[in-house]
Amino acid sequence: MERPRHQGMPKNTYMRWRLPLVCLLWEVAMIVLFGVFVRFGAEADAHWEEEKREMNLTSDMENDFYFRYPSFQDVHVMIFVGFGFLMTFLKRYGFGAVGFNFLLAAFGIQWALLMQGWFHSFKDGKILIGVENLINADFCVGSVCIAFGAILGKTSPIQLLVMTLFQVTLFSVNEYILLNLLHVKDAGGSMTIHTFGAYFGLTVTRVLYRPNLEQSKDKQGSVYHSDLFAMIGTLYLWMYWPSFNSAISDHGDAQHRSAINTYCSLAACVLTTMAFSSMLQKKGKLDMVHIQNATLAGGVAVGTSAEMMLTPYGSLIVGSISGIVSTVGYVYFTPFLESRLHIQDTCGIHNLHAMPGLIGGIVGAITAAAATEDVYGKEGFIKAFDFTGVYQARTPSTQGGFQAAGIVVSLLMAFAGGAIVGGILKLPIWGDAAAENCFEDGIYWEVPEDEESDVYHMHNPDKPASP
Amino acid sequence: MERPRHQGMPKNTYMRWRLPLVCLLWEVAMIVLFGVFVRFGAEADAHWEEEKREMNLTSDMENDFYFRYPSFQDVHVMIFVGFGFLMTFLKRYGFGAVGFNFLLAAFGIQWALLMQGWFHSFKDGKILIGVENLINADFCVGSVCIAFGAILGKTSPIQLLVMTLFQVTLFSVNEYILLNLLHVKDAGGSMTIHTFGAYFGLTVTRVLYRPNLEQSKDKQGSVYHSDLFAMIGTLYLWMYWPSFNSAISDHGDAQHRSAINTYCSLAACVLTTMAFSSMLQKKGKLDMVHIQNATLAGGVAVGTSAEMMLTPYGSLIVGSISGIVSTVGYVYFTPFLESRLHIQDTCGIHNLHAMPGLIGGIVGAITAAAATEDVYGKEGFIKAFDFTGVYQARTPSTQGGFQAAGIVVSLLMAFAGGAIVGGILKLPIWGDAAAENCFEDGIYWEVPEDEESDVYHMHNPDKPASP
Amino acid sequence: MERPRHQGMPKNTYMRWRLPLVCLLWEVAMIVLFGVFVRFGAEADAHWEEEKREMNLTSDMENDFYFRYPSFQDVHVMIFVGFGFLMTFLKRYGFGAVGFNFLLAAFGIQWALLMQGWFHSFKDGKILIGVENLINADFCVGSVCIAFGAILGKTSPIQLLVMTLFQVTLFSVNEYILLNLLHVKDAGGSMTIHTFGAYFGLTVTRVLYRPNLEQSKDKQGSVYHSDLFAMIGTLYLWMYWPSFNSAISDHGDAQHRSAINTYCSLAACVLTTMAFSSMLQKKGKLDMVHIQNATLAGGVAVGTSAEMMLTPYGSLIVGSISGIVSTVGYVYFTPFLESRLHIQDTCGIHNLHAMPGLIGGIVGAITAAAATEDVYGKEGFIKAFDFTGVYQARTPSTQGGFQAAGIVVSLLMAFAGGAIVGGILKLPIWGDAAAENCFEDGIYWEVPEDEESDVYHMHNPDKPASP
């Protein structure tokens, strides 16, 4: 091949010893740490019968499992099928999209159980886990899947595992600061998951900037069927987002309300996305990139406020705005970020997660600041914001202030963390591909032979097969 | 292009201003109406703590959310992935199938929340919503998705939004007549959703008859992978149909029974569909069109009776028959409807929804008429048919009569409504495509370029086409 | 056609009368038997109101429906989408994979309701069914889907229906021996579903050995998009496996615990699978076959012990080992089984179900034998192993012994049953295809034409492309 390359010599993408080593090392560490620390929580332990009696529970139904397990499964689908398939839109990176997402998420949930466990479920030297921990681990990994979207196609699986290790750690610290120190509400994670995850990923991809990426420009697009595979991801994210935002809300009205607000916001978002997708395109045609992504912004943008009394029409307004912002972002901001700021954002997470995440944080702060006892009821007010104990004296406007502080902290953590982790990932030992081999499954995967030949003389009849 | 066209001049399918205008207009109207009317119901409101005390509920588990949310999510999947992917079978209309279904359903659920809310959840000038309203909105939109199946590939997105507006309105009126005035049982919607939706759609497609549709005959078929995408839709509809039919049944035994009856009916339906698919084909091979569609008829056909004491073997019988009727319909009725009655039914909704819907209505009427206190128990009998208040005096046979009346009303509403709405959609302002451009995503969607060239010179340009 | 064939004359794969006959016969038998035997259980019967009073239940929530329905739906998805799509990896057998799986499972669940009903839910001459029966029927059919994996592409739909009839029967007998006579715990079915199903299928495929199968070698591989379709199956199996293993566990802590253990085991399994997939391949690239299959071994391997106090780190260990064993199996054992033992295992069920199933049985026996009152609590201990009534005197080590006996019984039933059923399927009346037509949808399915032409210049050099 005679193309000029940025780096003088071909990159070594040989994974045979490095990938197994990292995977096995990571897994052995997990086994040891789980052995030392992780045990079943009371509701999953065989002592539950006695526990039930002590807690005066009359029915097994009161086990948290039945309050949260259906939502957990929906969230689980979002992480593995939702994010995984959403990223299959690239014509030659379907294996990497689904497969690496699978790999990093499977590792990430283990590490998240530990990290979040130490911060939130640690008792007498043990981490006690139940279904809520599983949901939180999935949530934490969700932020890694988001960051993965920015660097999709440009990194090796080892880089992804290293990034997951660090990002889960930072996520847990940030989450602890927000939820425990600032006492902020963020059940659907507009700040902790989306804002943090997206700006972290954008910073990482900035540090990993590849000046010659146009060498693989031909592989950055989709083909007809890859766009349909991506719609599987989109729809599962869209449909189950009400479960995402309500999964760890308080039992009862809060879970119920979160689901309704999210449902409304997402519905509105689809219409404004379609409107702007058509409007911003000369020929007035719809663009699958917008439909696949911007329709989801409504879920992100009510992530903080869904469990509050946002009201259905409030949700429609937030959803409408976020669909517009996100679509406009795809048309105008993404090219700008790439050409001016050297931020190469493969999936456009800036439009789907970063901006809507910020909107979500702001809407959450405003909704909290605007809360009144009249709207929530006296008990509901205290319960909704957990104004008990040391937080008894908090007013809605103070709470709004802390919520806003939560956004700032998440942004700072994301920028600082992303810069450091990006620096680590830049080391030339992780086996990432050269620019002309980006977005190509053949580098890390056995690709079916006849299809390969196929694709290479297939999809581009007008391009000569060899230079 | 030299093909003769029915209409003298090419049609204007330019959407750039019209589609955004309609989407944004619709959405602004929704926001205003939601602002005026829609509020959280008691179980989703922050006052729930106080409400709980008043209602003497000891556990958050008694919140309707936990009775219905898992079923809601299943129904949600059916509407968006089920119907969306079922219609991707066309070789070049996958974006339109999934994307337009997404658009119309997202708008429809908002409008349905309002329409159904005014009829059923209106209190002190406000519509109070909870999870049951979300399910009902999805149901209502289901009937629009059904009608969409008849006109798939032949209409512009604006026509679909206009149709959705009117159909949701008419659906809600029809539903009100059936459930409130006739006091009819129809939890799975054989009459309200399937019979109404299908005959509405068939009437619309009759009014929109395109005499030159054979000009796009080459695009009306499937390709290998599009048939697999469609099977995703089929299976999700099939698997979650027990949730569909039980989602809004009474708590307890009624939900439980509906799920069992539907499970049985669907299982039987698969076998008779396979049998007749093979039998009615000279070479004895199975036809994916039948497997994709007729296997679902069993769910439609127990939509009214599933919550009654239909019994498992009754369900098997109904499922078996509906599979046969539906498959026979695909082989004999669909061509007849097209050639003789000028009803161009892209997805064959006459076979999947119309006829099985009628069967469902009739089976429901018979099952109701045959109910006895012996079979239901004294309390169960009253609860199952809600023979309380002014309906205290109803006997099973009267109920059967009212059920039958419900079928007739649904048919009349469908024909009349479909004719009017079809007339509106015939106006030459909505941007529908010319006959030779039907079933082609390229009209309304940005389609990935190299794939397009691909499909047309198809898969192996360098291999000689003949040996 | 000049290829030499093993058998002198072409095989008759004409299904037109045989397939309909078998389907309809089977279905009529089901209707009659359901009519005689099957009725609603108390919780699904309209008498529930009275029942509730008698059982002193205060809430409809206590209906088993609400404890198990969400898990049931997840299991349902695993059987129909999970297994169905997992097998679509073959380039030209997607219709057969999804469609025949659909057919056999739809028949199998009906027959399983009867067979399992006679053994476990028979009361006063009637089989009383509820949601747990639906789950068990799906489980039973799961074992048939597993066996189908071994013979995928090589059998006619009639053979599959015949095999289903016999395998469901044998499954139920084996299950009865294990659960009722040996009083063994096996909620996730490591023994009853996986070990039995896999060794049954392997024995059948051994009996049906096709010496000339290399004639269709070109169709035994995947293409790029078929591998992505298969990943849909993989992910749904992987994500919902916690529901599979917990679906019929005791209410409360046991369900909760099963889900957690399975979640952990599966997560670990992904990492070791990726590690060994890369390590065992010269070029160090990942192989989709391993990712699609071996990542699931962790679910199989905790099928018996998930509801016990296996602990999260125990689950990680079991999951890690099973991922390694399964991947190594794909690389070394499958070729060995084919070349030396003449076991042609299309999907590699030996690696995904047989070996991990054995591991699961053994881990279950060890975990049971190691149980102490200290770990389980006095009541929990009795409840977990159901040491009541005649089993009051059982000790953990006896239980461990019985668990081990359960493995042996399952193996014996599988070998004996598989040999007999394989013999029956070898009869030349069932319409299976000749060796060179294996793995080809065109034999039993109408395949879309233009795609066909495609495939036929690709895959069938002997048909002229144009007349």
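Per-structure values
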quantity: Flag if A:Phe80 is facing chain C (nearest Cβ under 10 Å), part of a helix (DSSP H, G or I), in contact with a Pro (Cβ under 9 Å, 6 or more places away or on another chain) and in contact (Cβ under 8 Å) with a residue 24 or more places away in the chain; calculated: no
quantity: Tally, over region C:117-129, of residues that are open to solvent by less than 10 Å² (accessible area, probe 1.4 Å) and either outside any strand (DSSP E or B) or more than 10 Å from chain B (Cβ to nearest Cβ) (or both); calculated: 1
quantity: Yes/no for C:Ala275 being open to solvent by less than 10 Å² (accessible area, probe 1.4 Å), in contact with a Cys (Cβ under 6 Å, 6 or more places away or on another chain) and more than 9 Å from chain A (Cβ to nearest Cβ); calculated: no
quantity: B:Tyr69 being surrounded by fewer than 20 Cβ atoms within 10 Å (Cβ to Cβ), facing chain A (nearest Cβ under 8 Å) and touching a residue at least 24 places away in the same chain (Cβ under 8 Å); calculated: no
quantity: Qualifying residue in region C:205-222 (condition: over 21 Å from C:Ala433 (Cβ atoms) and modelled with pLDDT of 95 or more); calculated: no
quantity: Criterion violated by A:Met308 - all others in (1) surrounded by 24 or more Cβ atoms within 10 Å (Cβ to Cβ); (2) farther than 30 Å from A:Ile382 by Cβ; (3) aliphatic (A, V, I, L, M) satisfied; calculated: (2)
quantity: In region B:33-61, the residues that are at pLDDT below 95 and basic (Lys, Arg); calculated: B:Lys52, B:Arg53
quantity: Close pairs (6 angstrom Cβ cut-off, 6 or more residues apart or separate chains): within 19 Å of B:Met87 (Cα to Cα) and at pLDDT 95 or above in region B:272-296, assigned to a loop (DSSP other than H, G, I, E, B) and open to solvent by 40 Å² or more (accessible area, probe 1.4 Å) anywhere; calculated: B:Asp287/C:Glu446
quantity: For B:Leu427: the one exception among (1) more than 27 Å from A:Met288 (Cα to Cα); (2) at pLDDT 95 or above; (3) of a type in the set (A, V, I, L, M, F, W, C); calculated: (2)
quantity: Residue in region A:244-265 that is at the interface with chain B (Cβ under 7 Å from one of its Cβ atoms), over 30 Å from A:Val98 (Cβ atoms), surrounded by fewer than 24 Cβ atoms within 10 Å (Cβ to Cβ) and among the small types (Gly, Ala, Ser) present; calculated: no
quantity: B:Glu27 surrounded by 24 or more Cβ atoms within 10 Å (Cβ to Cβ), at the interface with chain A (Cβ under 8 Å from one of its Cβ atoms), in a helix (DSSP H, G or I) and of a type in the set (Asp, Glu); calculated: yes
quantity: Candidates A:Arg18, A:Arg39 - the one that is farther than 30 Å from C:Arg68 by Cα, facing chain C (nearest Cβ under 10 Å) and not small (Gly, Ala, Ser); calculated: A:Arg18
quantity: Filtered residue count, region A:87-112, keeping only those that are part of a helix (DSSP H, G or I) and within 8 Å of another protein chain (Cβ to nearest Cβ); calculated: 11
quantity: Qualifying positions in region A:186-203 - crowded, with 24+ Cβ neighbours inside 10 Å, over 13 Å from the mean Cα position of the chain (by Cα) and at pLDDT 95 or above; calculated: A:Asp186
quantity: Residues satisfying the stated conditions in region A:133-164, i.e. open to solvent by 10 Å² or more (accessible area, probe 1.4 Å) and within 11 Å of another protein chain (Cβ to nearest Cβ); calculated: A:Asn133
quantity: Region B:278-294 - residue that is open to solvent by 10 Å² or more (accessible area, probe 1.4 Å), facing another protein chain (nearest Cβ under 9 Å) and in a helix (DSSP H, G or I) and, of those, farthest from B:Gly348 (Cα to Cα); calculated: B:Met279
quantity: Residues of region B:328-378 classified as on the phi < 0 side of the Ramachandran plot, open to solvent by less than 10 Å² (accessible area, probe 1.4 Å), within 13 Å of another protein chain (Cβ to nearest Cβ) and of a type outside the set (A, V, I, L, M, F, W, C), total; calculated: 1
quantity: Exclusive hit being within 29 Å of B:Ser246 (Cα to Cα) and in a helix (DSSP H, G or I), set C:Asn133, C:Asn180; calculated: C:Asn133
quantity: Number of positions in region B:42-82 that are among the polar types (S, T, N, Q) and within 16 Å of A:His251 (Cβ to Cβ); calculated: 3
quantity: Residue in region B:390-399 that is aliphatic (A, V, I, L, M) and either touching a Ser or Thr at 6+ places or on another chain (Cβ under 6 Å) or over 24 Å from B:Ser246 (Cα atoms) (or both) present; calculated: yes
quantity: Yes/no for B:Thr388 being open to solvent by 20 Å² or more (accessible area, probe 1.4 Å), without any contact (Cβ under 8 Å) to a residue 40 or more places away in the chain and under 15 Å from B:Ala297 (Cβ atoms); calculated: no
quantity: Boolean, B:Gly323 is in a helix (DSSP H, G or I) and either under 21 Å from the mean Cα position of the chain (by Cα) or surrounded by fewer than 24 Cβ atoms within 10 Å (Cβ to Cβ) (or both); calculated: yes
quantity: Every pair of residues 6+ apart whose Cβ atoms lie under 7 Å, when the first sits in region B:13-36 and is over 22 Å from B:Glu440 (Cβ atoms) while the second is of a type in the set (Phe, Trp, Tyr) and open to solvent by 40 Å² or more (accessible area, probe 1.4 Å); calculated: B:Ile31/A:Tyr313; B:Phe34/A:Tyr313; B:Gly35/A:Tyr313
quantity: Unmet requirement for B:Ala297, which otherwise passes all of (1) surrounded by fewer than 24 Cβ atoms within 10 Å (Cβ to Cβ); (2) within 16 Å of the chain's Cα centre (by Cα); calculated: (1)
quantity: Looking only at region A:121-159, and only at residues there that are charged (D, E, K, R) and free of Cβ contacts under 8 Å to residues at least 40 places away in the same chain, the one that is nearest to A:Ala106 (Cα to Cα); calculated: A:Lys123
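Yes/no matrix, rows are residues, columns are (1) out of contact with any His (no Cβ under 9 Å at 6 or more places or on another chain); (2) among the small types (Gly, Ala, Ser); (3) within 30 Å of C:His251 (Cα to Cα):
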site: C:Ala370; (1), (2), (3): yes, yes, yes
site: C:Glu379; (1), (2), (3): no, no, yes
site: C:Phe385; (1), (2), (3): no, no, yes
site: C:Val390; (1), (2), (3): no, no, yes
site: C:Arg394; (1), (2), (3): no, no, yes
site: C:Phe415; (1), (2), (3): yes, no, no
site: C:Gly422; (1), (2), (3): yes, yes, no
site: C:Ala435; (1), (2), (3): no, yes, no
site: C:Glu440; (1), (2), (3): no, no, no
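Results for (1) among the charged types (D, E, K, R); (2) part of a helix (DSSP H, G or I); (3) crowded, with 24+ Cβ neighbours inside 10 Å, shown as yes or no for each residue.
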position	(1), (2), (3)
C:Phe34	no, yes, yes
C:Glu50	yes, yes, no
C:Met61	no, yes, no
C:Phe65	no, yes, yes
C:Phe85	no, yes, yes
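The values are calculated or read from the model by the stated rules, or taken from the named source; none is laboratory data. What you see is a predicted model, and the numbers here were worked out from it, not measured in a lab. With ideal geometry, Cβ positions are generated from the backbone for all residues, glycine too; neighbour counts draw on all protein chains shown. The area values use the complete protein model at the heavy-atom level, side chains included, leaving out ligands, DNA and RNA. Shrake-Rupley method; radii C 1.70, N 1.55, O 1.52, S 1.80 Å.
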